[in-house]
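What follows draws every value from the coordinates through simple rules; no lab data is involved. Since we're looking at a predicted model, the values are computed, not measured. Please note: Cβ atoms are built from the backbone with ideal geometry, for glycine as well, and neighbour counts cover all protein chains shown.
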Amino acid sequence: MVSADWIRRHRIAAFFLLAYAISWSIEGAVKLAGMEPSWTTWFFEGFLSPLSPVVAAALVLSASGESVRGWLRDILKFRVHPKWYALAIGIPFVITYASGIASWALGGPVDWASFEFDPISIVIGIVLGTLIGGGQEELGWRGFAQPELQERYGAFRAAVVLGILWGGWHLPQFVFPGGMRADWPLALTVSYFVGIVAFSILLAWIYNGSGGSAFLAMLMHGTDNSTQGRVPLDVDLVIVGDVVNWESLVSMYVSHAVITWAVVAIVVAVVGIHLSSGRVEPKHTSGQFED
């Protein structure tokens, strides 16, 4: 059994072990129970499972004798420069629609004639994505793991390591029977894991640049999730009978990964590999944000 002393001495390893164990146990239980897709399965897989990183962080902090409430107060910063809100929301939109244009240019199943801009549904989608649609993961990933890792490896390498492990955390969706991505072709799977590392770097930049606001990372993650389905698709080409033709979406997913890395290149060229104008200390230290 893992002791509190071991957790204190191996905070990062303990965090990832707990995040994986909690999430994979939840998703595994759903699959073993043979539950069909429903609001109930979404509650377990789409809401509870994404809470595993913050639960893992809270357990590590608690075992280390630190205040979970104080940590949350530190990372849930709302009063940051408006530019970070614009970037956290705007960049996912740019990447998504740019990938849609690229896919369309490559002959992908994009139907711009059916495109509709609905600001109300966009706002609702961002709010839901931020709070209960995946954005909640960021309390653990960026709010705990990023500053812990970057103290040891630097911001850019920490973001890459975190991106790889974040991608690995999603493996049940690919390997469990009935997983939401179990039917994906290899090209889609590879582009997903390549793209998630790039997105991890952008999230680290938003987190660091905003002075350590995990809320801004939540907002960016939630916006990305909510925009993924907003490129107008030719349904007749994407859905054949009752089955999704995943091969038809390869150009869009590959374009999304390539464009995300292009944005990363621009960010690094502008701000450098430290991914901010200052340095973010782990929340358990007495360090402050430097300008």
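What to note about this one:
- Between L171 and L131, the contour length at 0.36 nm per residue exceeds the Cα-Cα span by 12.1 nm.
- Given charges at beta-carbon only (K, R positive; D, E negative), |dipole| of the chain in Debye: 1080
- Extension gain for A29 to D234 (0.36 nm times residue separation, less C-alpha to C-alpha distance): 70.3 nm.
- Distant-in-sequence amide contacts of L233, defined by a placed amide H-H separation under 5 Å and a gap of 5 or more residues or a different chain, comprise D111.
- Taking the C-alpha atoms of the range 74-271, convex hull volume expressed per residue in Å³: 125
- Panel order for D183, D5, D111, by other beta carbons found within 10 Å of each beta carbon, from fewest to most: D5, D183, D111.
- For S210, residues with placed amide H under 5 Å, excluding near neighbours: none
- Cβ-Cβ FRET estimate between Y153 and V55, R0 fixed at 35 Å, reported to 0.05: 0.90
- Helix axis angle, 214-227 relative to the chain longest principal axis, alpha carbon, degrees: 10
- C-alpha center-to-center spacing [the range 208-226, the range 112-164] in angstrom: 5
- A straight chain from L186 to R69 at 0.36 nm per residue would run longer than the Cα-Cα distance by 37.9 nm.
- Taking the C-alpha atoms only, the angle from helix 186-209 to the longest principal axis of the chain is near 40 degrees.
- Cα long-axis angle, helix 250-271 against the chain (0 to 90 degrees, to the nearest 10): 40
- From helices alone, the chain scores -19500 deg cm²/dmol at 222 nm; the rule is -39500 (n - 2.57) for each run of n ≥ 4 DSSP H residues, then divide by the residue total.
- Under the Karplus curve 6.51 cos²θ - 1.76 cosθ + 1.60, θ = phi - 60°, whole-Hz ³J(HN,Hα) for the range 72-87, x wherever Gly or Pro sits: 4, 4, 5, 8, 8, 8, 9, 8, 10, 4, x, 4, 6, 5, 5, 6
- Spin-label model, A4 to S38: label points 7 Å out along the Cα-to-beta-carbon direction sit 4.1 nm apart.
- Chymotrypsin sites (Phe, Trp or Tyr not before Pro) restricted to DSSP loop in the range 26-59 with at most 14 other C-beta within 10 Å: none
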